[in-house]
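I'd like to ask some things about the structure below.
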Amino acid sequence: MFSRSNKVALLQKVPLFNSLSQRQLGQIAQVADELEVTAGRRLVTAGEIGAELFLIAEGHAIVTTRRGRAAVRLGPGDFFGEMSLIDRNPRSATVEAQSDMRLFVVGSRDFWRLLDAAPPLVAKIMVSLSQRVREAEASVSV
Ligand code: CMP
């Protein structure tokens, strides 16, 4: 278990949150559940309905898109699962723990509350989505 101050310190390292105040980080720490998984655990399955955002505190995960075209490695500070929260469509990719991992999990309702309370988060998520589209496009061979 992370202590509350430990939780805030870890959240502070997540680039998505680096413009937030201590108060806002404290609010996120309150709504974020901790999750510890061992290597090989599937966290998100392509095609399934999902309603959580995952933030990686420790360890690495592999993202595999449905057609298996792009395998992307995510690590500490990265997040995943935002796409289904935003467009309410099934998961776009499968995400598996490549190592033992510690994560934070934020549910859909809290995710939208955070975006309402902190507009800089919206801009950061838009940047990340654009990058993910570009990387996915670049990985498609024609
Ligand atoms: P979601 O569709 O909810 O579930 C799978 C997640 O994998 C997705 O949200 C993104 O967070 C992540 N993901 C999908 N495609 C990519 C990509 N090309 N690069 C990095 N992450 C991705």
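Just so you know, all these numbers are worked out from the coordinates, no wet-lab data involved. Quick caveat, the model's predicted, so the values are computed rather than measured. Here the Cβ positions follow ideal geometry from the backbone for every residue, glycine too, while neighbour counts run over all protein chains shown.
Of a type in the set (S, T, N, Q) and closer than 18 Å to residue 38 by Cα - does that describe any residue in the range 91-98?
For the range 91-98, residues of a type in the set (S, T, N, Q) and closer than 18 Å to residue 38 by Cα: present.
Would you mention how many residues in the range 61-103 are assigned to a loop (DSSP other than H, G, I, E, B) and out of contact with any Leu (no Cβ under 7 Å at 6 or more places or on another chain)? Give the steps one after another, and end with the answer.
Here is the first cut: in the range 61-103, the residues assigned to a loop (DSSP other than H, G, I, E, B) are 66-70, 75-78, 81, 88-92, 98-100.
With the extra rule that they be out of contact with any Leu (no Cβ under 7 Å at 6 or more places or on another chain), the set shrinks to 66-70, 75-78, 88-92, 98-100.
The number of residues fulfilling the criteria is 17.
Enumerate the strands (runs of 3 or more DSSP E) found wholly within the range 18-60, keeping only those where 3 or more residues are under 25 Å from residue 88 (Cβ atoms), touching a residue at least 40 places away in the same chain (Cβ under 8 Å) and within 10 Å of the ligand (Cβ to nearest atom).
In the range 18-60, 52-58 are the strands (runs of 3 or more DSSP E) which contain 3 or more residues that are under 25 Å from residue 88 (Cβ atoms), touching a residue at least 40 places away in the same chain (Cβ under 8 Å) and within 10 Å of the ligand (Cβ to nearest atom).
With the structure loaded, tell me whether residue 5 is among the small types (Gly, Ala, Ser), more than 29 Å from residue 137 (Cα to Cα) and not in a strand (DSSP E or B) or whether it fails that test.
Against the criterion (among the small types (Gly, Ala, Ser), more than 29 Å from residue 137 (Cα to Cα) and not in a strand (DSSP E or B)), residue 5 qualifies.
Another question, then. What's the total number of residues in the range 76-99 that are more than 6 Å from the ligand (Cβ to nearest atom), within 22 Å of residue 59 (Cβ to Cβ) and charged (D, E, K, R)?
Number of matching residues: 2.
Given the structure, is residue 115 within 28 Å of residue 5 (Cα to Cα), among the hydrophobic types (A, V, I, L, M, F, W, C) and in contact with a strand residue (DSSP E or B) (Cβ under 7 Å, 6 or more places away or on another chain)?
In short, no.
Scan the range 9-24 for residues that are crowded, with 17+ Cβ neighbours inside 10 Å and closer than 18 Å to residue 58 by Cβ and jot them down.
The answer is 10, 11, 14, 16, 17.
Being farther than 14 Å from residue 87 by Cα and in a helix (DSSP H, G or I) is the filter here, so list the residues in the range 111-121 that pass it.
113, 114, 115, 116, 117, 119, 120, 121
Suppose the filter is under 22 Å from residue 6 (Cα atoms) and touching a Lys or Arg at 6+ places or on another chain (Cβ under 9 Å); does residue 26 pass it?
Taking the combined requirement at face value, the residue satisfies it.
Right, here's the next one. Listed residues 90, 119; which is in contact with a Gly (Cβ under 6 Å, 6 or more places away or on another chain), surrounded by fewer than 16 Cβ atoms within 10 Å (Cβ to Cβ) and over 16 Å from residue 11 (Cβ atoms)?
The match here is 90.
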